[in-house]
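The values are calculated or read from the model by the stated rules, or taken from the named source; none is laboratory data. Note that the coordinates shown come from a computational prediction; the quantities given were computed from them, not determined experimentally. Glycine also receives a Cβ, built like all others from the backbone with ideal geometry; neighbour counts cover every protein chain displayed.
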Amino acid sequence: MSPGRREIGHGALAERAILPVLPSEDDFPYAIRIVSECLSSNGSTSMGSVCGSLFSLMDAGIPIKAPVAGIAMGLITGEDGEYAILSDIQGIEDFLGDMDFKVAGTVDGVNAFRWTSRQLT
């Protein structure tokens, strides 16, 4: 089965998060291929892929510039207009929430983010 729109989008987000910390071709003239397969999840597979990919690069001895981590954030709004901001959202929070925001970066700043909103008001 070929990858769908969701998988392609998650891969693009993970790639944007990781590319800034990879060594230049002059410093590391080798091909790098990372494959991340999530067999099950109750949270953000894209952010799990970012974190796992960085662990694999470090374990392989690839001289990355800085570690990268990612997290999925969410927003749930009640009928009365009260809202709650959630961090490290689980599957049900992602499904029922009004917004989800995935962000990945280093200690120096944000490398990549994606925002999805289900409500425009």
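Among the residues of the stretch 79-98, write down those that are of a type in the set (Gly, Ala, Ser) and without any contact (Cβ under 8 Å) to a residue 24 or more places away in the chain. Result: 81, 84, 87, 97.
Restricting the stretch 18-39 to residues that are modelled with pLDDT of 95 or more and closer than 18 Å to residue 69 by Cβ leaves a set whose member that is surrounded by the fewest Cβ atoms within 10 Å (Cβ to Cβ) is 19.
Being at positive phi, surrounded by fewer than 14 Cβ atoms within 10 Å (Cβ to Cβ) and not aromatic (Phe, Trp, Tyr) is not true of residue 91.
Could you tell me which of the residues 60, 66 is at pLDDT 90 or above and touching a strand residue (DSSP E or B) at 6+ places or on another chain (Cβ under 9 Å)?
On the way: 60 fails: touching a strand residue (DSSP E or B) at 6+ places or on another chain (Cβ under 9 Å).
Just a single option satisfies the conditions, and that option is 66.
Of all the strands (runs of 3 or more DSSP E) wholly in the stretch 1-107, which have at least 2 residues that are under 23 Å from residue 118 (Cβ atoms) and over 13 Å from the mean Cα position of the chain (by Cα)?
Details: elements: 69-77, 83-87, 99-106.
The strands (runs of 3 or more DSSP E) meeting that bar are 69-77, 83-87.
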